[in-house]
Structures are given as C-alpha cells and as structure tokens.
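Undergrad: Quick one: the structure is below, and I'll ask about it shortly.
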Amino acid sequence: MAASEPNTQSAGALPEGDLDTHNQQHPQHAPDQIHLYNTTTRRVEPFEPIEPNTVKLYVCGISTSGPPHVGHGRSYVVFDVLRRVLEHAGYNVQHVQNFTDIEEPIVRRAKERGIEPIQYAREMEQAYFDAMDRLDVLQADAFPRVTDYMDTIIEATQTLENHECAYAIDDGVAFRVCDIQGFGELLGRDPMEAIVSTVTKDQINGRENPFDFVLWRNRDDVGITWETPWGEGRPGWHTECAVMATDLLGDTIDIHGGGQDLIFPHHESERAIARCLTNTDFVRYWVHNGLVRLGEDKMSKSLRNTVPLNEAINEHGPATIRTAYLLEPYRETIEWTPKLLDTAHDTTQTLHEAYHDATPGEPSTPLQRLLQNTINALRNDLNTPHALTTLQTLATDHKHEPGAKTALHEALTLLGLANLPPFNEETPNDENA
Ligand SMILES: [Zn+2]
C-alpha cells in the first residue's frame, strides 16, 4: 500500500481535471440512489448533490497536537466507506480534509519537546498519514493546513466585520450570533443550554452576549502569532474550517462530515460564519459519526484516556480494527472493549476463510443477490452492520458457488478491507472472467 504523496497544497480551488480520476466506473450513467441521515433535519433523506454527478465532501481533520487515537480512526474509516460507496454508485467525489496545525496544545507540546510548533505539527501529520495508510483510508484530494491559510482567514475575519457579523473586543474579534438565522439547528435544541455548560466566565468577557464566540484571539505566548488590525494572535477554530471548506469546494458543499462531538459548538459556529460570508446555506447534508468510548468516557486527548491507533493496529491487525469500526451503525457510540475486538477478529476470520476457499468468475444468481443486498445496505445510510451480516451469510452458505471470490472482492473493496492483510494476499486474478 504505497501511498502517494499527500496533497497539502492548499491555495485556490481544486483543479477540475485532477478530480475526474477517482471514478471511471459508470461515467455515462446517472449515479445510483443513496440515502443519508442529515443532522440538520434529523431524518434519513435521499441524497441529491448540487451537481448531478459530483459530490463535494469536506471532513474535519485532526488537530496535529498528538498522534491519532482509535476515536479518530473511526471517523476517518466511516467517511472513507462513505466515499467508496459514493464512488461505487457513480459519483466523482471531491474530498477535502484539513489539518489544524496551530493551536495551544501544539505550542505546549512542542515546547515540552524543545522543538518548533510547526516541526511538531508536521511530525503528527505524518503519524496521521502512517496510521491511515495502514487502514487503507483513501487520501483526500487536498489537505489544507491552517498555517497555509492565514491570509485568507484574516481577510475573512475582516469581511465578517464589514458585514457586521463580527466586532472587535479587548483581546481580538468576536462573532455576533444574534443576527444569524437558524443558530442552534444543528444542535437541535436551545443553544443557550449548551452555551451555559461550555462557556467560562473568562470567555464571556467583552462579548455582547454569551452566544458570541471568538474569531480571533490575541496572544503573547511563545507560539507563532500573526499580525492583524486587531492585534497579534491566532484565529479561532471555527473560522478555519469555514474558510478552507468554501475556498476549496465553493460556497455550498454537499456533505460536511465529522464526529458528533463537533456538532456544537464547532459545526454550528462554522455554519454561522460561512452563512455570513457567502449568503448561502453552506452545507446540504451534515453527517456525523458516533464516538468511541473507553469505559464511561468519550475518548479524547484532553481527557487523556486515548488508545493510540498505531498500537491498536499493531496488536490486532488493520483488518480487525477496520471491521471493529463497521460492526455497529456509524451513528451509534461504540465501546472499545475486548469483546468488540474479538467479534471483529472472528468476523474477519470468517470472511477471510471464505475468500481463501472461493473461486473467481461470474457470480451465481444467489451470490449476485447477496452482493446487491450488501451494496444496498451501504447505500441506505451506510448500514455497515447489515452489510457485514449479509457478507457473512455469503461467506458461510455460498462460498463454494462459482464467482464467490469475485463477489466477496467487490464487497470487501467497498468496505475498504480488500487491500488489507490477510485479504490482500488473495486478490482474485480472474476477477472479470
Ligand atoms: Zn472543522
């Protein structure tokens, strides 16, 4: 799995020509119907992108403040399966995912190591790519970094001030939430309740009201800062994603993805910023994956209860880790337990044994039906547990029928398992026979 060089060039819109290369499967046909759960409406809806054959997909990337943990792995595997399903259905996917490569924890950890924040951030970026390559997560078309986008972010902050969506405060710039229609729609309840639990007294200082969040904060620490009309500092996280997403994909994007912990305040605020900047709806489908829990708590770097992704892959193997993420519906919280990993291991074994024994060729009618059921499950709001159950039926009851290897290979490719060991040692050599 030699990965190509990641594209961290970020200036300007994505070049059209480069993006037509992902999907040559059904270039002439209208894509097959897919349904997705939209956080905004809280319903599973038929998916209809702005342009008939193209999907503009933005996924919130990691902060490079540490190596990825198994919670990160779940999010990127889920959106990788979504991308594979969209491409298989006939869409060209334009996929952008950012790196937040400057923020306080990065500055702090670089200082502990005695290195520059940017050097530390680049090391963690590489750790991300290494882990994702091991799980065969397809690379995005662009990986914009916040530090490469600073001029555009500062410009956008000025535009927000000109549009009277933002105002100067003592230590930077705040966003004026009260004029933005629909603030709280993603959260699905009164944002005041959430604000009260997340806003500290210090953060409210100088704001017109407690909803207002920081777009720019002046800093005098040792980390890198940028000069602006308001002072020297760094941008807020929400502005970064709004600016990078709209710059690379346009004012309205089809799918914006991320973990459920990003719904509020990050995505709610990002949406408000983008709406004020572009006067559009910004995102058609907000798609959020469930979290990974270790015991009682969400896995997060700030809680220091993480399982490093690389360690988990070393211990269990990439196919088991990937399968563990797909055993439960992607919107449910999963518990990272030995039981989950055992089930994932057993599932992988069953599929691999069948794959090993099966023969390639044109799949028999029952196999075609089972393969189509697997594909339909994935097109129905990414129902990976149902897809895996159907595949297990195929693997146990139909593996000796002609073409079982070809059918399994197509399904395993959609789930992103086909290129992982042990499956990749058994690629059918007569796939289209
Ligand atoms: Zn984001």
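Throughout, read-outs are computed from the coordinates displayed, never taken from laboratory work. Since the structure is predicted, the reported quantities are computational estimates derived from the model, not experimental observations. When we count neighbours, we look across all protein chains shown, and the Cβ atoms used for this are built from the backbone with ideal geometry, even at glycine.
Undergrad: Calculate for the chain the 222 nm mean residue ellipticity that helices alone would give, adding -39,500 (n - 2.57) per DSSP H run of length 4 or more and normalising by residue count, nearest 500 deg cm²/dmol.
TA: Theoretical 222 nm ellipticity from helices: -12500 deg cm²/dmol.
Undergrad: About its Cα centre, how strong a charge dipole does the chain have in debye, to the nearest 20, once Lys and Arg get +1 and Asp and Glu get -1 at the Cβ?
TA: Roughly 840 debye for the chain.
Undergrad: What nm distance separates the two modelled labels at Thr343 and Asp220, each placed 7 Å from Cα along Cα→Cβ?
TA: Here the modelled spin labels are 5.5 nm apart.
Undergrad: Output needed: Cys residues of the chain lacking any neighbouring Cys C-beta below 4.7 Å, sorted by number.
TA: Among the cysteines of the chain, those whose Cβ sits 4.7 Å or more from every other are Cys60, Cys178, Cys241.
Undergrad: Which order do the peptides 92-99, 182-189 take when ranked by the mean count of other beta-carbon atoms within 10 Å per residue, highest first?
TA: With the highest mean Cβ count within 10 Å placed first, the list reads 92-99, 182-189.
Undergrad: By DSSP, what percent of the beta bridges with both residues in the chain are antiparallel, rounded to the nearest 5?
TA: Here the share of antiparallel DSSP bridges comes out near 50 percent.
Undergrad: Here is a further query. If a/c stays under 1.5 just call it rounded; otherwise compare a/b with b/c (prolate if a/b is bigger, oblate if not). Do that for the stretch 245-370, with a ≥ b ≥ c from the square roots of the Cα gyration tensor eigenvalues.
TA: Oblate, since a/c reaches 1.5 and b/c is not below a/b.
Undergrad: If packing is taken as the average count of other Cβ atoms within 10 Å, what order do 231-237, 269-275 fall into, highest mean first?
TA: 269-275, 231-237
Undergrad: How many angstrom separate the Cα center of the stretch 319-335 from the Cα center of the stretch 64-138?
TA: That distance is 19 Å.
Undergrad: Helix hunt in the chain: which complete DSSP H runs extend at least 24 Å axially by C-alpha with mean Kyte-Doolittle at least 0.0?
TA: Span-like helices in the chain: 70-89.
Undergrad: If you don't mind, another one. Shape verdict for the chain, please, from the Cα gyration tensor: rounded (a/c under 1.5), prolate (a/b greater than b/c) or oblate.
TA: Note, shape of the chain comes out prolate.
Undergrad: State, to one decimal in nm, how far the label point of Ala30 lies from the label point of Glu311, with both points 7 Å from Cα in the Cβ direction.
TA: 5.1
Undergrad: Sum up the charges of everything whose Cβ sits under 11 Å from the Cβ of Trp237, counting Lys and Arg as +1 and Asp and Glu as -1, but leave Trp237 out.
TA: Counting the neighbours of Trp237, the net charge comes to -2.
Undergrad: Please order Glu315, Glu240 by the number of other Cβ within 10 Å, starting at the fewest.
TA: Glu315, Glu240
Undergrad: Here's something else I'd like to know. Run the paramagnetic zone check for Glu112: 7 angstrom along Cα to Cβ, then residues of the stretch 57-83 with backbone nitrogen under 12 Å.
TA: 65-67
Undergrad: How much length would be gained if the chain were fully extended between Arg331 and Asp148, taking 0.36 nm per residue of separation minus their Cα-Cα distance, in nm to one decimal?
TA: That pair, Arg331 and Asp148, stretches by 62.6 nm at full extension.
Undergrad: Continuing with this model, one more query. What does the charge count near Asp254 come to, summing +1 for each Lys or Arg and -1 for each Asp or Glu among other residues with Cβ under 10 Å from its Cβ?
TA: Once positives and negatives cancel, what remains is 0.
Undergrad: Would you work out which of Gln97, Asn38, Gly114 lies farthest towards the positive end of the dipole of the chain, given +1 charges on the beta-carbon of Lys and Arg and -1 on that of Asp and Glu, about the Cα centre?
TA: It is Asn38.
Undergrad: Using 0.36 nm per residue of separation minus the Cα-Cα distance, give me the extension gain between Asp170 and Gln119 in nm, one decimal.
TA: Between Asp170 and Gln119, full extension yields 15.2 nm more.
Undergrad: Now for a separate question. Between beta-carbons, use under 12 Å as the cut-off and find the net charge around Asn218, counting Lys and Arg +1, Asp and Glu -1.
TA: -3
Undergrad: Moving on to the next point. Return the FRET efficiency for the residue pair Arg369, Arg43: r is the Cβ-Cβ distance, R0 is 30 Å, and the value is rounded to the nearest 0.05.
TA: For R0 = 30 Å, the calculated efficiency reads 0.55.
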